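Read through the structure below, which is laid out as structure tokens, and then see the notes.
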């Protein structure tokens, strides 16, 4: 029979260690409340500094494990105007989830967060944090060792992007958009093998978009546009992102052609490349995007015709090609896209007639073809789906009468038919449409009673 005294001693030592750990956590919560809550506020009123463990586990927004160690803090939406996160966060050595979104917090993100050994979920979004994101303390030092989710969206963070890389094998969600990060996208981001979401939009990034990002085989969503100013164009290698569902590279100074390789992204439902300096023709290979629902190439320098390959995009609900240099007809297949709701191709060099069946086979809500060189008549079935809200045909060479079917479209809110060659009488019903708040008929050949 083993001696009882050593076993008793081990039990006492273990109990003392657990108690010390719990005391550290209570002390950290007390420090956290002092740093977060202004003296005049009643927020976190139940965080009683005199509470004895395990009472702290019942504090609002706090969750604990079986040993009464704090493993989660969720203060979403609690108004903590001007509060800061203190360095004592490092005392919470069992913390797995820190969520302080939309709390009006300020100050810097404490470097001590990077050392927390259990932190998996970090959400700092929609606050006013400033300064750099925590960087590694030194070579070999822990740097968010088990992190899975980082959301720092919509703050005022600056400096380089955090240097995540191959060591972060669990990181699957990284959203750093809506800040002031500068410099290049780290090549090491291509080593985040578990990454499913990458949001770097709305920063001040520069350099080239790394072609190596094509190695992110689990990536489903990538947002890297808006206010970033990249050099060069879209890497063709991005066509290798087999799992990609959404790609948004809008308004980030991209130039050159649209790579035909993007047509390999079989799961893509959203492709936004608007407000760049892209040139050349729209690749017909994009017809391979059979699941695409939203396509926006507006406000670029694209030329050529609308390619026949786009006829395969039968899931398309939104097609934006406005403010380019496209020529030729609006193809007849556009009228046969069964889910098309929004068609905007204004300010191009398009000619010919509008597709005769436009609106007949789809739930069309918005049609804007202004400032082209279109001829012919208004298609009679624009409102056949019973959902048309906006029709803008101005600044074209369209002619003939306004069809009664359009004048009887009770869902219309905005009608702009000016600077055309429409003729005949204006249907009286056009002035009695219940939802219409804009009707423009100037500079045409219309006559008759109004």
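Values in this text are rule-based calculations from the coordinates and carry no lab data. Note that the structure is predicted; figures quoted are calculated from it, not measured. Note: ideal-geometry Cβ built from the backbone for every residue, glycine included; neighbour counts use all protein chains shown.
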Open item on the list: How large is the Rg to Rh ratio of the range 130-218 when both quantities use alpha carbon positions and Rh follows Kirkwood?
Closed with: 0.93
Open item on the list: Largest first, please: the extent of the C-alpha atoms of the range 212-334 along each principal axis, to the nearest Å.
Closed with: 39, 28, 20
Task: Relative contact order of the range 340-392, pairs being alpha-carbon contacts under 8 Å that are 6 or more residues apart, as % - done: 43
Task: Mean separation of Cα contacts under 8 Å (6+ apart) over length of the range 75-136, as relative contact order % - done: 38
- [ ] Please give the calculated 222 nm ellipticity per residue for the chain, where each DSSP H segment of at least 4 residues contributes -39500 (n - 2.57) and the sum is spread over every residue; nearest 500 deg cm²/dmol?
- [x] -3000 deg cm²/dmol
Open item on the list: I'd like the distance between the alpha-carbon centres of the range 287-346 and the range 418-441, rounded to an integer number of Å.
Closed with: 27
TODO: Using Cα centres only, tell me the gap between the range 232-278 and the range 154-217 in whole Å.
DONE: 17
Open item on the list: If I compute volume of the Cα convex hull per residue in Å³ from the structure I just sent, which labelled value in (1) 136; (2) 150; (3) 190 lines up?
Closed with: (3)
- [ ] Mind pulling the angle between the C-alpha long axis of helix 4-36 and the longest principal axis of the chain? Nearest 10 degrees, somewhere in 0 to 90.
- [x] 40
- [ ] Using packing as a proxy for protection, rank 291-297, 141-147 so that the peptide with the highest average count of other Cβ atoms within 10 Å comes first.
- [x] 291-297, 141-147
Open item on the list: If neighbour count is taken as other Cβ atoms inside 10 Å, put 243, 60, 125 in order from fewest to most.
Closed with: 60, 243, 125
Open item on the list: Based only on other Cβ atoms within 10 Å, what is the fewest-to-most ordering of 227, 422?
Closed with: 227, 422
TODO: Just rank 402, 73, fewest to most, by other beta-carbon atoms within 10 angstrom.
DONE: 73, 402
Task: the chain, relative contact order in percent, only Cα pairs under 8 angstrom and at least six apart counted - done: 5
Task: Tensor-based shape of the range 288-384 (alpha-carbon gyration tensor, a/c under 1.5 rounded, otherwise prolate or oblate) - done: oblate
Task: Spherically averaged projected area in nm², based on the convex hull that wraps the Cα atoms of the range 326-450 - done: 6.4
